[in-house]
Each structure stands twice: as structure tokens, then as C-alpha cells.
Amino acid sequence: MTLRMNREHVLRRRLKLLTWLFIVGLVLSGATAIPLPPEVSLLAKILGSGGESSEWARWLLQVQTALRQTQAQHPFLFYGTDWLAFGHFVIAIAFVGALRDPVRNRWLFDFGLIACVLVIPYALVFGGVRGIPFWWRLIDCSFGVFGFVPLWFCRQWASELEQCVKSQRRDEVQPSGLL
């Protein structure tokens, strides 16, 4: 009984840690969608993209130029990235349910796993349609891979936790003393 309660405590702690990691990742990736022009300018400054010799530098300068033009001529288009950020924030809020009750809300881990898997074909197909370099699409795909790992563990641990809880309930219902 004590061993099972210790295991339940360990599982709950692990689930909270990885769920928080996923939530923070969603919030941070969403927040980075809002200030795109200054972010890209800072990145260009830090990485010293002045020399256009590498493919990375050329791409970064192209993105920086496009963002500056868009900001000057069509700033309303950035409203789309504001909504992208909002979507990340709302999904992060939904995962609070998994923090509160990971067994009852285990479906959130399934939902997240499915979304992470779908990132890969979505990035590859629509990145190709939009002319995004393949290596950048792989970076986008990595968000799905890095999100999948903690969610997979959470899904496994939530299932195990459910078994611990069920077993504990069975023990509480059955009389344990001798007649």
C-alpha cells in the first residue's frame, strides 16, 4: 500500500513537471509570434547576418526585409500572428485541466500528441507551398517532435496513475481484517 502511494506521488510529480514544461513551451512559442520584426532584427544582429555567404544569412535577411516591408505597408497582416499567439495561449490554458486531474483529463495528452504529429506534414506541405526552405521546415517540425516526447510520457504516466488509483479504491472497498 505504501509503495503504491509512493508511486502515485512520483507519477503525479512527474506529470505536473512535464505538463508545466509543455504549457511553458506553448506560451513561449506563442509569445514569440507577436514581436516578429524586432525579433528577427535582433537575431540578425546577434548572428551577424551581414555577410550573405551562408544560406541561413540570406534567408534571415530576406525574412527581415519582408517583415520590414510588411510592417511599413501592411501592418494589419501581423494581426494573424497575434491570433497565432492567442491560439497557443488558449491551448496552454486547456492543459491546466491535465495539471488538475491528469487521469480524468488524459484525453488532453492524446489531443496534444495528435497535434504534435500533425505539425510535421503541415510544416512540410504548407512550408513547401509558401517557399520556405526545407531546413527551416525541419526546424518547424522539431516543435512537433519536442512536444511529442513529454506528452507521450504524460500519457503513459496518466495511464499508470489511473491503475494505481483503481487499485487503491479496490483495497479500500475490500475488508482487510480477519474475522
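The values are calculated or read from the model by the stated rules, or taken from the named source; none is laboratory data. These numbers come from a predicted model, not from an experiment. Here the Cβ positions follow ideal geometry from the backbone for every residue, glycine too, while neighbour counts run over all protein chains shown.
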Exercise for the section: Test residue 27 against the stated conditions and say whether it is touching a helix residue (DSSP H, G or I) at 6+ places or on another chain (Cβ under 8 Å), of a type in the set (A, V, I, L, M, F, W, C), surrounded by 15 or more Cβ atoms within 10 Å (Cβ to Cβ) and modelled with pLDDT of 95 or more. Expected result: yes
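For the range 25-43, how many residues meet the condition of being in a helix (DSSP H, G or I) and either under 17 Å from residue 65 (Cα atoms) or among the aromatic types (Phe, Trp, Tyr) (or both)?
Within the range 25-43, residues that are in a helix (DSSP H, G or I) and either under 17 Å from residue 65 (Cα atoms) or among the aromatic types (Phe, Trp, Tyr) (or both) number 8.
Of the residues 66, 57, only one is surrounded by 15 or more Cβ atoms within 10 Å (Cβ to Cβ) and part of a helix (DSSP H, G or I); which?
Answer to the selection: 57.
Every residue, every condition in (1) exposed (fewer than 12 other Cβ atoms within 10 Å of the Cβ); (2) within 26 Å of residue 165 (Cβ to Cβ); (3) charged (D, E, K, R); (4) touching a residue at least 40 places away in the same chain (Cβ under 8 Å), yes or no:
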site	(1), (2), (3), (4)
18	no, yes, no, yes
41	no, no, no, no
61	no, no, no, no
79	yes, no, no, no
106	no, yes, yes, yes
Handout entry: Of the criteria (1) more than 23 Å from residue 34 (Cα to Cα); (2) exposed (fewer than 14 other Cβ atoms within 10 Å of the Cβ), which one residue 158 fails
Key = (2)
